[in-house]
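Structure, as structure tokens:
The values are calculated or read from the model by the stated rules, or taken from the named source; none is laboratory data. Bear in mind that the values here come from a model prediction, so they are computed numbers and not experimental data. Virtual Cβ from ideal backbone geometry, glycine too; neighbours counted across all protein chains shown.
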Amino acid sequence: MTAPTPHASALAEIPVRLGEVKVLGSTTKYWDYGPTDAELTILLVHGYRGDHHGLEPVVAQLPGIRFISPDLPGFGLSTPMTEAPHSVPGYMRWLTAFATAARVPKDAVLLGHSFGSIVASHAVAAGFPTSKLILVNPISADPLVAAGRGLTGLTRGFYGLARRLPARLGRRLLGNWLIVQFMSMSLVTTDDPALRTWIHEEHHRFFNGFSDPQTVSEGFDASLSTQVGDAAPRITVPVLMITGEGDRIAPLSGQEKTVKLFPDARLVVLPTVGHLIHYEAAAGAADAIRAFLAKRP
């Protein structure tokens, strides 16, 4: 039985166009939502082992805004990079080149979720042009210890094993139904049974949308290599951080410390939600984004 998609009707009202560009050897697919003549464009950077689908609940809440949402190289329908490593610096180079190739407006707002918050913040700190930066569930604590050293160690071992196995066996291990279900159950916080079912189904549909075990393992190493706070002091544009009160991947204590490292940032905390704000509290995230965008420098 398939659970209904909560935002389906709202998303259906928003026009969408599929695009493709070649960036650093990656055939990068992207989805262009909303009116092409919109006054505001937001460039989206999704999280680890996700793709453009993950942020669609937020897109559905903000009609009238143009969103450009690529699948990161090696994930979704985008092929891996061949001219850059799948590291944070590699993804930063890709993001800059993608924005040029896809003709993203120079004044577009940049939004990153989870691992995407690392890529987005470090890119802006290195000079990526944007008018404002939005970070949803930002990784704002040492990723090696934030979720617990024991769990992180087990996860690193899991990805290391998948990388060493023959590609077919590595993919089977990474895509094991029980592994994906455990991950999903550890992240979901909502008590709504229909929403829980839909989120689990989304993870089973898209969590395994990666090109190969080597690339996904490199991406995992990248996700542990740094955090938003390492880039924060060098970011001068206005920043909005949206976090979940119960986020166990990026705990609130780290968000409260990190927001003070930016020259100009504000933190919005959504109650009774964890690391899946884009799924469980898309309306709350959209409200925070709308208010942030309405505030002029």
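Details
- Residues located in the stretch 202-219, provided they are in a helix (DSSP H, G or I) and either at pLDDT 95 or above or touching a helix residue (DSSP H, G or I) at 6+ places or on another chain (Cβ under 9 Å) (or both): GLU202, HIS203, HIS204, ARG205, PHE206, PRO213, GLN214, VAL216, SER217, GLU218, GLY219
- Residue list for the stretch 91-119, restricted to those being touching a Pro at 6+ places or on another chain (Cβ under 7 Å) and surrounded by 24 or more Cβ atoms within 10 Å (Cβ to Cβ): TRP94, PHE98, SER117
- Residue check for ALA38: in a loop (DSSP other than H, G, I, E, B), farther than 25 Å from ILE139 by Cα and either modelled with pLDDT under 95 or among the β-branched types (Val, Ile, Thr) (or both): no
- GLU13 vs. criteria within 30 Å of GLN214 (Cβ to Cβ) and either at pLDDT below 95 or of a type in the set (Asp, Glu) (or both): no
- Filtered by the rule that a residue be farther than 20 Å from PRO63 by Cβ and buried (at least 24 other Cβ atoms within 10 Å of the Cβ), the stretch 238-272 gives VAL239, MET241, THR243, GLY244, ASP247, ALA250, GLN255, THR258, PHE262.
- Criterion: under 21 Å from VAL237 (Cβ atoms), in a loop (DSSP other than H, G, I, E, B) and in contact (Cβ under 8 Å) with a residue 60 or more places away in the chain - qualifying residue of VAL58, VAL104, VAL124: VAL104
- Among (1) assigned to a loop (DSSP other than H, G, I, E, B); (2) at pLDDT 95 or above; (3) not β-branched (Val, Ile, Thr), the one test that ARG248 misses: (2)
- Selection from the stretch 1-26 of residues that are charged (D, E, K, R) and either closer than 16 Å to GLY64 by Cα or touching a residue at least 60 places away in the same chain (Cβ under 8 Å) (or both): GLU13, ARG17, LYS22
- Search result, residues across the stretch 11-39 that are buried (at least 17 other Cβ atoms within 10 Å of the Cβ) and not polar (S, T, N, Q): LEU11, ILE14, VAL21, VAL23, LEU24, LYS29, TYR30, TRP31, ASP32, TYR33, GLY34
- Filter pass, LEU165 being surrounded by fewer than 16 Cβ atoms within 10 Å (Cβ to Cβ), over 20 Å from the mean Cα position of the chain (by Cα), among the aliphatic types (A, V, I, L, M) and at pLDDT 90 or above: no
- Pick from the stretch 255-297, criterion in a helix (DSSP H, G or I) and either modelled with pLDDT under 95 or of a type in the set (S, T, N, Q) (or both), ranking: farthest from the chain's Cα centre (by Cα): ALA294
Condition check ((1) surrounded by 15 or more Cβ atoms within 10 Å (Cβ to Cβ); (2) at pLDDT 95 or above; (3) in a helix (DSSP H, G or I); (4) touching a Ser or Thr at 6+ places or on another chain (Cβ under 6 Å)) across all residues:
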position	(1), (2), (3), (4)
ILE134	yes, yes, no, no
GLY150	no, no, yes, no
ARG156	yes, no, yes, no
LEU161	yes, no, yes, no
